[in-house]
1. Can Tyr55 be described as assigned to a helix (DSSP H, G or I), out of contact with any strand residue (DSSP E or B) (no Cβ under 8 Å at 6 or more places or on another chain) and open to solvent by 100 Å² or more (accessible area, probe 1.4 Å)?
2. When you look at Lys105, is it more than 22 Å from Glu28 (Cβ to Cβ) and either touching a Phe, Trp or Tyr at 6+ places or on another chain (Cβ under 6 Å) or exposed (fewer than 12 other Cβ atoms within 10 Å of the Cβ) (or both), yes or no?
3. For Lys74, only one of the following conditions fails: (1) modelled with pLDDT of 95 or more; (2) outside any helix (DSSP H, G or I). What is its number?
4. Among the residues of segment 42-52, which ones are farther than 26 Å from Asn91 by Cβ and either out of contact with any helix residue (DSSP H, G or I) (no Cβ under 7 Å at 6 or more places or on another chain) or in a loop (DSSP other than H, G, I, E, B) (or both)?
5. Return only the number of the condition from (1) outside any helix (DSSP H, G or I); (2) open to solvent by less than 30 Å² (accessible area, probe 1.4 Å) that Leu39 does not satisfy.
6. Only one of Glu90, Glu65 is open to solvent by 70 Å² or more (accessible area, probe 1.4 Å), assigned to a loop (DSSP other than H, G, I, E, B) and of a type in the set (D, E, K, R). Can you tell me which?
7. Say we look at segment 1-27 and pick out the residues that are open to solvent by 40 Å² or more (accessible area, probe 1.4 Å), modelled with pLDDT of 90 or more and not charged (D, E, K, R); which of these is nearest to Ser70 (Cα to Cα)?
Amino acid sequence: MPRGRGRRGGHRKMFFLQSCLLLLLYREPGYGYSLMDGLSEFGFNPDQMDISIIYRALRNLQADELVSDSWDDKSLGPNRRVYTITPNGENVLAEWINNLHQRRKEIETLEAAYDAIKSKSK
């Protein structure tokens, strides 16, 4: 098995989930289930997601001071914990997105080099 798989794969999935949550919160504050629904935009299937994973990711983001929470007492049902991205979270999100842009360029360069070699060998 190639290096970088296994436990690191779980880390990458959690990083992707946290990145998506930050982006959703950058758009507007949200609560657990609304965020779970919003994740479908990024390829997550809400019917197959465990809400506890989302809350764990949100707690990690809170511990890193990237999101904050407050109680919404204006909902018709029970009070909801509403999450909001912090200014630090906005900065970190921008940094992560810039890193992704750079990684995409590196991957496209690698793909182009591979395709050039492959086309010569035909």
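The values are calculated or read from the model by the stated rules, or taken from the named source; none is laboratory data. Remember, it's a predicted structure, so these values are computed and weren't measured experimentally. Backbone-built Cβ (ideal geometry, glycine too); neighbour counts: all protein chains shown. With ligands, DNA and RNA removed, areas are computed over all heavy atoms of the protein, side chains included. Shrake-Rupley method; radii C 1.70, N 1.55, O 1.52, S 1.80 Å.
1. Working: assigned to a helix (DSSP H, G or I): yes; out of contact with any strand residue (DSSP E or B) (no Cβ under 8 Å at 6 or more places or on another chain): yes; open to solvent by 100 Å² or more (accessible area, probe 1.4 Å): no.
Against the criterion (assigned to a helix (DSSP H, G or I), out of contact with any strand residue (DSSP E or B) (no Cβ under 8 Å at 6 or more places or on another chain) and open to solvent by 100 Å² or more (accessible area, probe 1.4 Å)), Tyr55 does not qualify.
2. On the way: more than 22 Å from Glu28 (Cβ to Cβ): yes; either touching a Phe, Trp or Tyr at 6+ places or on another chain (Cβ under 6 Å) or exposed (fewer than 12 other Cβ atoms within 10 Å of the Cβ) (or both): yes.
In short, yes.
3. Evaluating Lys74 over (1) modelled with pLDDT of 95 or more; (2) outside any helix (DSSP H, G or I) leaves (1) as the failure.
4. Filtering segment 42-52 for residues farther than 26 Å from Asn91 by Cβ gives 45-52.
Within segment 42-52, Asn45, Asp47, Gln48, Met49, Asp50, Ser52 meet the criteria.
5. Unmet condition: (1).
6. Numbers: Glu90 fails: assigned to a loop (DSSP other than H, G, I, E, B).
Matching residue, one of Glu90, Glu65: Glu65.
7. The selected residue is Tyr26.
Yes/no matrix, rows are residues, columns are (1) closer than 22 Å to Phe15 by Cβ; (2) touching a residue at least 12 places away in the same chain (Cβ under 8 Å):
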| site | (1), (2) |
| --- | --- |
| Gly38 | yes, yes |
| Asn45 | yes, no |
| Arg59 | yes, no |
| Asp73 | no, no |
| Arg81 | no, yes |
| Thr84 | yes, yes |
| Ala94 | yes, no |
| Asp115 | no, no |
| Lys118 | no, no |
